[in-house]
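A.B. asks: Please find one structure pasted underneath; my questions will follow.
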Amino acid sequence: MKQKPLISFDYAIKYLLKDKGDYEIVEGFISALLNSRGYNNVKIVALLDTESNKEDEKSRRSLADLIVEDEEHHKYIIEIERNLERSFIHKACFNTSRLIIDNLAQRADFTEIIKVFHISILYFPVGNGPIHHGKTAITEIESDERLTVHLKDPDTGIVIDATDILPEYFFISVPLFNDRLEKEIDDWLYVMKYDDVPPTFHSPYMQKVADKLSVLKMTIGERDSYWYYRKQVCTDIDQFQSARAEGIEKGIEKGIEKGREEEKKNIALKMLAKGVKIEEVSEFTGLSVEDVRCLV
């Protein structure tokens, strides 16, 4: 069944979206994730050409920006990202806002805004479990009753709650998957964590995942692109860790320096309390005359 090694799932998303015939795998993943929060299965109807897709390769984190449609003909925008540890929530907020603006620029009416689901694939621990989900709920302050605003689409007749148009967020912390295969979404978490299909599975897409995502079945050009991508991911992580280490070191140095300044001021205050002249205090502590005067 299993054919090692498989390409990493974050890269696989881009790889699979090159061919409409391979959309089914990405649709299976998105549907399993949405199903976990009570939403229906979806099909991809379009790939978005957003500003995030026009960024340079080094700064881009978006793996896919899609329009999908569910079984009841509701359309959603799905954004999938691979994120580093620093500011991943801020980046998620920024990108959902930009997706809404990009989409609205093509429309004349604010009521035509399409709901955005943001999915962040994180290769570091967050919280106490592998999947976190968040949405905005608007409630009346005293009763805590949830606000609902029903709107009917004049063309389709579909009735929606307007407050549901607000974005929703999924943060998937891959390392925290506990390896228990109890639900369909667990199969996908296993693939993300191990670059392999699980020994037993619930998802009907796992056989196709194993067949399609084998590195051994890629052409030489595809394989070269894949290993270049993995190298860039490692470079991104190394750069972030180096920047964080440098920041910590600078923070320590700044703290030490601040401590020294505070100690000088404490000594200066004690000298001033004993009647030592400002000029002598300045000379002894190394503080400027102006700084000493400010302590008086």
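The values are calculated or read from the model by the stated rules, or taken from the named source; none is laboratory data. In this text the structure is predicted, and so the values were computed from the model without any measurement. So basically every Cβ, Gly included, is an ideal-geometry build from the backbone, and we count neighbours across all protein chains shown. When the accessible area is computed, the model is the full protein with side chains, heavy atoms only, and any ligands, DNA or RNA have been set aside. Shrake-Rupley method; radii C 1.70, N 1.55, O 1.52, S 1.80 Å.
A.B. asks: Under 9 Å between Cβ atoms, which residue pairs at least 6 apart in sequence (or on different chains) link something in region 43-56 that is of a type in the set (Val, Ile, Thr) with a partner that is open to solvent by 80 Å² or more (accessible area, probe 1.4 Å) and at pLDDT 90 or above?
C.D. replies: Between residues of region 43-56 that are of a type in the set (Val, Ile, Thr) and residues that are open to solvent by 80 Å² or more (accessible area, probe 1.4 Å) and at pLDDT 90 or above, there is no close pair.
A.B. asks: Can you tell me which residue among 187, 179 is in contact with a Phe, Trp or Tyr (Cβ under 8 Å, 6 or more places away or on another chain) and either part of a loop (DSSP other than H, G, I, E, B) or open to solvent by 90 Å² or more (accessible area, probe 1.4 Å) (or both)? I'd like the intermediate steps shown before the answer.
C.D. replies: Values: 187 fails: either part of a loop (DSSP other than H, G, I, E, B) or open to solvent by 90 Å² or more (accessible area, probe 1.4 Å) (or both).
Being in contact with a Phe, Trp or Tyr (Cβ under 8 Å, 6 or more places away or on another chain) and either part of a loop (DSSP other than H, G, I, E, B) or open to solvent by 90 Å² or more (accessible area, probe 1.4 Å) (or both) holds for just one of 187, 179, which is 179.
A.B. asks: Return the pair list, or none, for Cβ contacts closer than 8 Å from residues in region 201-227 that are of a type in the set (Lys, Arg) to residues that are part of a helix (DSSP H, G or I) and open to solvent by 40 Å² or more (accessible area, probe 1.4 Å), at least 6 apart or on different chains.
C.D. replies: As it stands, the answer is 208/24; 217/211, since those pairs meet every condition given.
A.B. asks: Restricting to region 194-213, count the residues that are assigned to a loop (DSSP other than H, G, I, E, B) and either of a type in the set (D, E, K, R) or modelled with pLDDT under 85 (or both).
C.D. replies: Residues of region 194-213 assigned to a loop (DSSP other than H, G, I, E, B): 195-205, 213.
Subset that is either of a type in the set (D, E, K, R) or modelled with pLDDT under 85 (or both): 195-196, 213.
Total satisfying the criteria: 3.
A.B. asks: Which condition from (1) outside any loop (DSSP other than H, G, I, E, B); (2) free of Cβ contacts under 8 Å to residues at least 24 places away in the same chain; (3) not acidic (Asp, Glu) is the one that residue 134 breaks?
C.D. replies: Residue 134 satisfies all of (1) outside any loop (DSSP other than H, G, I, E, B); (2) free of Cβ contacts under 8 Å to residues at least 24 places away in the same chain; (3) not acidic (Asp, Glu) except (2).
A.B. asks: Sticking with this structure for a sec: What number of residues within region 154-164 are on the phi < 0 side of the Ramachandran plot, open to solvent by less than 60 Å² (accessible area, probe 1.4 Å) and free of Cβ contacts under 8 Å to residues at least 60 places away in the same chain? Steps first, please.
C.D. replies: Filtering region 154-164 down to residues on the phi < 0 side of the Ramachandran plot leaves 154-156, 158-164.
This time we only want the ones that are open to solvent by less than 60 Å² (accessible area, probe 1.4 Å), so: 158, 161-164.
Cutting the leftovers down to free of Cβ contacts under 8 Å to residues at least 60 places away in the same chain gives us 161-164.
Within region 154-164, residues that are on the phi < 0 side of the Ramachandran plot, open to solvent by less than 60 Å² (accessible area, probe 1.4 Å) and free of Cβ contacts under 8 Å to residues at least 60 places away in the same chain number 4.
A.B. asks: Now for a different question. Counting only residues that are modelled with pLDDT of 70 or more, under 21 Å from residue 12 (Cβ atoms) and outside any loop (DSSP other than H, G, I, E, B), how many does region 40-75 have?
C.D. replies: Here the count works out to 13.
A.B. asks: Now, a different point. Pairs, please: C-beta under 9 Å, at least 6 apart or cross-chain, first residue on the phi > 0 side of the Ramachandran plot and in region 275-292, second open to solvent by 20 Å² or more (accessible area, probe 1.4 Å)?
C.D. replies: What qualifies is 286/264.
A.B. asks: Considering region 103-127 alone, what residues qualify as being closer than 18 Å to residue 45 by Cβ, modelled with pLDDT of 80 or more and either of a type in the set (D, E, K, R) or touching a Cys at 6+ places or on another chain (Cβ under 9 Å) (or both)?
C.D. replies: Matches in region 103-127: 115 only.
A.B. asks: Among the residues of region 11-29, is any open to solvent by 10 Å² or more (accessible area, probe 1.4 Å), assigned to a helix (DSSP H, G or I), modelled with pLDDT of 90 or more and within 20 Å of residue 186 (Cβ to Cβ)? Talk me through it step by step, then tell me what you get.
C.D. replies: Our first condition is that a residue be open to solvent by 10 Å² or more (accessible area, probe 1.4 Å); within region 11-29, this holds for 11, 14-15, 17-24, 27.
The next check asks that each one be assigned to a helix (DSSP H, G or I); those that pass are 11, 14-15, 20-24, 27.
Filter again for modelled with pLDDT of 90 or more, leaving 23-24, 27.
Now drop any that are not within 20 Å of residue 186 (Cβ to Cβ), which leaves 24, 27.
Yes, region 11-29 contains a residue that is open to solvent by 10 Å² or more (accessible area, probe 1.4 Å), assigned to a helix (DSSP H, G or I), modelled with pLDDT of 90 or more and within 20 Å of residue 186 (Cβ to Cβ).
A.B. asks: Additional query: Please go through (1) open to solvent by 60 Å² or more (accessible area, probe 1.4 Å); (2) modelled with pLDDT under 55 for residue 240 and return the number of the only condition it doesn't satisfy.
C.D. replies: Of (1) open to solvent by 60 Å² or more (accessible area, probe 1.4 Å); (2) modelled with pLDDT under 55, only one is false for residue 240: (1).
A.B. asks: On the basis of being open to solvent by 50 Å² or more (accessible area, probe 1.4 Å), at pLDDT below 80 and among the acidic types (Asp, Glu), does residue 290 make the cut? Give the steps one after another, and end with the answer.
C.D. replies: Details: open to solvent by 50 Å² or more (accessible area, probe 1.4 Å): yes; at pLDDT below 80: no; among the acidic types (Asp, Glu): yes.
Taking the combined requirement at face value, the residue does not satisfy it.
A.B. asks: Still on this structure: Among the numbered conditions (1) modelled with pLDDT under 75; (2) under 29 Å from residue 34 (Cβ atoms), tell me where residue 248 comes up short.
C.D. replies: Going through (1) modelled with pLDDT under 75; (2) under 29 Å from residue 34 (Cβ atoms) one by one, residue 248 breaks only (2).
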